[in-house]
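The next block holds one structure in the form of structure tokens; read it before the comments.
The values are calculated or read from the model by the stated rules, or taken from the named source; none is laboratory data. As the structure is a prediction and not an experimental result, all values here were calculated from the model. A quick note on method: Cβ atoms are made from the backbone with ideal geometry, for glycine too, and the neighbour counts reach across all protein chains shown.
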């Protein structure tokens, strides 16, 4: 597609207190980086989440987004699925395309 | 495979609550991982959730719990009781609740299940030795290879450990030198099946819960060690020492306490109660009683007792709240203090001064900072544990000459201390030191022991002569953009309902002073991350005094008069003195008001010190003020103050609600005015931040009181410190968690009443409900009975109690009683 390189994008929405575990998995999977968005709002399995709180980073939801080569994503997805069998959170996996693949290798 | 193991580690560590080091002690709910579970449904091995039945019965006998309290608690807990008909037993009519009360007063008490101590695991000695060596910040000989991480450093060194057999060392050598592959290999060697991995890792983490909790904190903050490495060392050692994996303690489920034949047991209970209520009960009467008793199994009795115990206090507290109105006119001085219960005493005494008004706000004054002082080494995170530091504030001297002199003096003191430390720790020099300076240290030790106040005065004078204080100011404009400063100021004004501004507004943080006290930071400000709140008060005053901030606030509807000056101050919770910070920044126009305030604050402090002496172990109100205050400098004093012992409630509303009541320093007081917060944002912030911190503190005291062996740090007298990390009881073993026993009790007498936090709010019920609905942490805490919520929309409307099914009317008592 337009000379872009196919990658896998993995997005997690987890309680802020569980974000360190996900970040550790992303790092261990060999991802070169991630984007974190704290204070995510919405409605889900556990009800409503009002979003960012002025003086509490701990009890809000955090979204973590990472992009990595498909062959490396497989192990991360398997590990995250295992983690979500006992911890709350959701994961979205999509194919994506990047213009600078060396940034994600 | 490695990532999967890492996921298993995360699963096993999910319920581990990270514990802050004692150098910046943060009170936490030690069972916070279970907050999504109903309080009474938690089954944690070895942990008690309530008091014992004999203790409850003793409180019933003393009047601390009354029959109406029990009936009210039963109705709150058992909805079916409301529709139950009155029962005729003998010649008397009994309500179902009364029958249940009769059983609670009579039923046999089961002795508490003794904590089963497992046999000492030979692994622990090895593990604690290496972990302590790795994390000790003051190690004289840092562990080699530390940069490679805990597991790698251990792997490289343990193959030379003479305490391990040759076979064990050979097995360790054969393992990979990286943590994750080594953990995987060790699990394989130990024969742990894939399906049992999480359970095995959970059991290993539970072996030393104190160390595990600290390492979790450390992995999230400094990152030089994590639980994967810790588990890798543990399981590698198990493999090397030929020890099987640690079995997981069985969790007694709710079914575990049930008798073999519930029907027979119920009938026996019914017969027993019927016989006490009727001389010759018929079979039909026993059956009627059984239908009542089935609603309240014996396993529920302690929780009903606890609810009644808490209801007694809460009902009296609610009834002590008045319909008072704010004093008319503009106050001359407003003092904003931390919500900490200790502030309530100061506020009560300060308010005796006409024209003085007090407010309560979280002790970091809405300004979360990472602070580096002018001459300081390293930074301090002075902010709630709920926040990550984002704003680095420094200190700038306002007098370069005095700053230079102070720096020179501090360098001299530092060099002297360093030289002394080096001399004490070298091989031969300690003998020479003892010969030459021993007489001097002997004299100072003598003075310090027999006259701690004098020793403190002499030391302070000497240090002040060498390094006189230098005026300075904090540099908020570098750390916060104008928009951030305006937002923080607006949030603070909205949250505390500051609807009018006095000419002098004193923002008063707090600190505690004591020596030889490893838990000193537990007495400092919890909202400031276990640090004194001075820098936050100074930063907040600087923000509010900034003309550009005031100009930006005006379009937002907040007009701070030109003649209003904000001043920072610090309340010492041992001496109860209030010290004005940065007096050089106060304009001359306000010097008179400030001087009057200082005089009045001194008188209030004297009254409060005497008031507190009535409950402080070893103190007496007739002792001199100097002697009472010298406790702060007595190195043998284990009760410098009572801290937050007794904390029981949090009231969110205007001060006039509580101004006429003596709350005995048991209540977190957060000022709030509904009319200043039309969209409820301020209330949401209060409920999701200050209230969460108050809840953490409350549960830390609650569980430390009920579980002295497991969730309390035990007696201070046998504590050994590991740097600023934590304490051991004795010379080895696990890090102790929770508060020391002296924070909650004296001997066998409790200083702290174990009650869950009663939150009381004056705000529209619909708004409160919406806020709870939007925040899972609040739903968990209120719906699962970790804390309670009582609210009224306005001073003229009745109180309502929050339940998971909606608002219910709050029980009242006909006779008003004292809150304690």
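Answer with yes or no whether residue B:431 is within 24 Å of residue B:630 (Cβ to Cβ), more than 36 Å from the chain's Cα centre (by Cα) and either loosely packed, with under 10 Cβ neighbours inside 10 Å or at pLDDT below 90 (or both).
Criteria not met by residue B:431.
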Can you confirm whether segment B:505-521 contains a residue that is under 18 Å from residue B:564 (Cβ atoms), within 21 Å of the chain's Cα centre (by Cα) and touching a residue at least 60 places away in the same chain (Cβ under 8 Å)? yes
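Suppose the filter is surrounded by fewer than 22 Cβ atoms within 10 Å (Cβ to Cβ), within 25 Å of residue B:575 (Cα to Cα) and touching a residue at least 24 places away in the same chain (Cβ under 8 Å); does residue B:644 pass it? Break it down stepwise before answering.
Numbers: surrounded by fewer than 22 Cβ atoms within 10 Å (Cβ to Cβ): no; within 25 Å of residue B:575 (Cα to Cα): yes; touching a residue at least 24 places away in the same chain (Cβ under 8 Å): yes.
It is false that residue B:644 is surrounded by fewer than 22 Cβ atoms within 10 Å (Cβ to Cβ), within 25 Å of residue B:575 (Cα to Cα) and touching a residue at least 24 places away in the same chain (Cβ under 8 Å).
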Yes/no for residue B:30 being out of contact with any helix residue (DSSP H, G or I) (no Cβ under 8 Å at 6 or more places or on another chain) and either within 13 Å of another protein chain (Cβ to nearest Cβ) or farther than 30 Å from residue A:30 by Cα (or both): no
Output the residues belonging to segment B:677-701 that are within 14 Å of chain A (Cβ to nearest Cβ), surrounded by fewer than 21 Cβ atoms within 10 Å (Cβ to Cβ) and part of a loop (DSSP other than H, G, I, E, B). B:677, B:679, B:680
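Quick one: which of B:164, B:180, B:231 is in the same structural domain as residue B:131 (by TED's automatic domain parsing), at pLDDT 95 or above and crowded, with 17+ Cβ neighbours inside 10 Å?
None of the others qualify; the one that does is B:231.
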Which of the following residues is under 17 Å from the mean Cα position of the chain (by Cα), over 30 Å from residue B:391 (Cα atoms) and either buried (at least 16 other Cβ atoms within 10 Å of the Cβ) or facing chain B (nearest Cβ under 9 Å) (or both): A:17, A:81? A:81
Which count do you get for residues in segment B:567-593 that are in contact (Cβ under 8 Å) with a residue 60 or more places away in the chain and under 29 Å from the mean Cα position of the chain (by Cα)? 12
Go through segment B:702-778 and tell me which strands (runs of 3 or more DSSP E), entirely inside it, have 1 or more residues that are more than 15 Å from the chain's Cα centre (by Cα) and closer than 30 Å to residue B:325 by Cα. B:758-762
Would you point out which residue out of B:620, B:670, B:664 is touching a helix residue (DSSP H, G or I) at 6+ places or on another chain (Cβ under 7 Å), in contact (Cβ under 8 Å) with a residue 60 or more places away in the chain and either more than 30 Å from residue A:59 (Cα to Cα) or within 14 Å of chain A (Cβ to nearest Cβ) (or both)? B:670
Considering segment B:313-357 alone, what residues qualify as being under 24 Å from the mean Cα position of the chain (by Cα) and either assigned to a loop (DSSP other than H, G, I, E, B) or without any contact (Cβ under 8 Å) to a residue 24 or more places away in the chain (or both)? B:339, B:340
Looking only at residues that are farther than 22 Å from residue B:34 by Cα, surrounded by fewer than 16 Cβ atoms within 10 Å (Cβ to Cβ) and free of Cβ contacts under 8 Å to residues at least 24 places away in the same chain in segment A:47-78, which one is nearest to the other protein chains (Cβ to nearest Cβ)? A:78
From B:376, B:409, which residue is surrounded by fewer than 16 Cβ atoms within 10 Å (Cβ to Cβ) and more than 22 Å from the chain's Cα centre (by Cα)? B:376
Out of the residues in segment B:9-27 that are out of contact with any strand residue (DSSP E or B) (no Cβ under 6 Å at 6 or more places or on another chain), assigned to a helix (DSSP H, G or I) and more than 7 Å from chain A (Cβ to nearest Cβ), state the one that is nearest to residue A:74 (Cα to Cα). B:9
Quick check on my filter: what residues within segment B:33-43 are under 30 Å from residue B:524 (Cα atoms) and within 14 Å of another protein chain (Cβ to nearest Cβ)? B:33, B:34, B:35, B:36
